[in-house]
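Student: The structure that follows is given in the form of structure tokens.
The values are calculated or read from the model by the stated rules, or taken from the named source; none is laboratory data. If you're wondering where the values come from, they're calculated on a predicted model, not measured in any experiment. All Cβ positions, glycine included, derive from the backbone under ideal geometry; neighbour counts span all protein chains shown. When the accessible area is computed, the model is the full protein with side chains, heavy atoms only, and any ligands, DNA or RNA have been set aside. Shrake-Rupley method; radii C 1.70, N 1.55, O 1.52, S 1.80 Å.
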Amino acid sequence: MYTEIVKIIEGGMLGDKEKVQNYALVLADNLEKEGEKALSNKIRAVIAKRKRGLTSLDSFATKPVDTESRMEIVEITTPQIFKENIVLSRYVEEELQDFIECYENRDELIKVGIEVSNSLLLYGPPGCGKTTVAQYISSVTELPLVTARLDGLISSLLGSTAKNIRKIFDYASKRECILFLDEFDVIAKLRDDKNELGELKRVVNSLIQNIDGLNNDSILIAATNHHELLDPAIWRRFAKVITLEKPQNEEIGRLLQIYLRNYENSILKSDKKLWNLEMAFNGFSHSDIKTTVNNTIKTAIIKKKNNINGCDILKEIYFHKKHSVEDEADFIRFLLKYGATHKEINDSLDISMRKVQEISKEMKGEV
């Protein structure tokens, strides 16, 4: 059994997928003989899933390119995103599940005469999970994610942009996949925008026609931070429209549980400390919260700090908001407001205990 494990590692290091697969199957057989049937089945399931993914990706080998620049206009990926790592409101999660189930049961819906449109429009502020949702749906449905590259799609020759849109939709229609159009407003603007040229209006018309012609075996997901710019006719092309907002307190708490779970900390053991951080993170996007916590962890690792406390994260929150400490008293007030203790501020930030106590008294009205 150890021989198989070594060979699998060798294959992985050399990028030899066939070697990894062959020795993994031998390992699965040996495990089954030794009574480890559950683990054996799990290994076989992983291999079967990856084989399907690799076979599917082979059919995507020849990507469409922009005629003018010769740039590829799509990227192909097979994301692995787990549901427990997705943090959205309960109602948004239900809407996404409904969309996925409608796709998976599309044949039954068509049989009873229900028109099926596997199209989803996501909009909301930057950093609130639009790309992650597209990746999650790709992971659940096991469909490759075909992401349109705007730098290749938008041509200096506007007529070529319409042709590139057609190329992308033709490409997506020939194989089951998820076509993801990020920054969708760039190509789906209002056709009555007086600042735009007539050719751009033809680009939108081409987009509408191609959306209407996409087959039922593929999914279209579009995402934008500027939904107000979209042409009204575009909205009608989407069976499901979902707004992704900045996380609320409960969702912030769940995000902190995910991002802090692999590093020793004194926060997750205390409801009060967690609540204080939920308040401090109010108004942050999912992406901002992840960046802030990751910065905290990186600093702790570099400084050989074994345990993260609330003050460590609050410092990063303050810097994320203001980018510097121009007024130390304001900084200390912020830390105290959201639950940092005098000792934490003194130990973590090397701010004198006397100064912290003075500002604490001032905040309590004792001065």
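Student: Considering only the stretch 109-116, I want to know if a residue exists there that is modelled with pLDDT under 95 and closer than 20 Å to Q209 by Cα.
Tutor: To start, the set of residues in the stretch 109-116 that are modelled with pLDDT under 95 comprises 109-116.
Okay, now just the ones that are also closer than 20 Å to Q209 by Cα, so 115-116.
Within the stretch 109-116 (the criterion being modelled with pLDDT under 95 and closer than 20 Å to Q209 by Cα), the answer is yes, since at least one residue qualifies.
Student: Only residues that are touching a helix residue (DSSP H, G or I) at 6+ places or on another chain (Cβ under 7 Å) and under 19 Å from I76 (Cβ atoms): list them for the stretch 121-150, please.
Tutor: Once the filter is applied, which keeps residues that are touching a helix residue (DSSP H, G or I) at 6+ places or on another chain (Cβ under 7 Å) and under 19 Å from I76 (Cβ atoms), the stretch 121-150 yields V133, I137, V140, T141, E142, P144, L145, V146, A148, L150.
Student: Within the stretch 73-101, restricting attention to residues that are without any contact (Cβ under 8 Å) to a residue 40 or more places away in the chain and not charged (D, E, K, R), which residue is nearest to A162 (Cα to Cα)?
Tutor: Applying the filter and picking the extreme gives Q97.
Student: Still on this structure: In the stretch 213-250, what residues are modelled with pLDDT of 90 or more, among the charged types (D, E, K, R), more than 18 Å from F99 (Cβ to Cβ) and surrounded by 16 or more Cβ atoms within 10 Å (Cβ to Cβ)?
Tutor: Result: K246, single match.
Student: Go through (1) over 22 Å from the mean Cα position of the chain (by Cα); (2) surrounded by 15 or more Cβ atoms within 10 Å (Cβ to Cβ); (3) modelled with pLDDT under 95 one by one and return the number of the condition A329 breaks.
Tutor: Failed condition: (2).
Student: Residues in the stretch 253-270: is at least one open to solvent by less than 10 Å² (accessible area, probe 1.4 Å), under 30 Å from L120 (Cβ atoms) and either touching a Cys at 6+ places or on another chain (Cβ under 9 Å) or in a loop (DSSP other than H, G, I, E, B) (or both)? Reasoning before the result, please.
Tutor: Narrowing the stretch 253-270 to residues open to solvent by less than 10 Å² (accessible area, probe 1.4 Å): 253, 255-256, 260, 267.
With under 30 Å from L120 (Cβ atoms) added as a condition, the list becomes 253, 255-256.
Filter once more, so that each one left must be either touching a Cys at 6+ places or on another chain (Cβ under 9 Å) or in a loop (DSSP other than H, G, I, E, B) (or both): none.
Among the residues of the stretch 253-270, not one is open to solvent by less than 10 Å² (accessible area, probe 1.4 Å), under 30 Å from L120 (Cβ atoms) and either touching a Cys at 6+ places or on another chain (Cβ under 9 Å) or in a loop (DSSP other than H, G, I, E, B) (or both), which makes the answer no.
Student: Say we look at the stretch 159-191 and pick out the residues that are of a type outside the set (A, V, I, L, M), under 16 Å from K201 (Cβ atoms) and touching a strand residue (DSSP E or B) at 6+ places or on another chain (Cβ under 9 Å); which of these is least open to solvent (accessible area, probe 1.4 Å)?
Tutor: Filtering first and then ranking leaves D185.
Student: Can you pull out every residue in the stretch 205-223 that is of a type in the set (S, T, N, Q) and part of a loop (DSSP other than H, G, I, E, B)? I'd like the intermediate steps shown before the answer.
Tutor: Initial filter on the stretch 205-223 (of a type in the set (S, T, N, Q)): 205-206, 209-210, 215-216, 218.
Correct list: N215, N216, S218.
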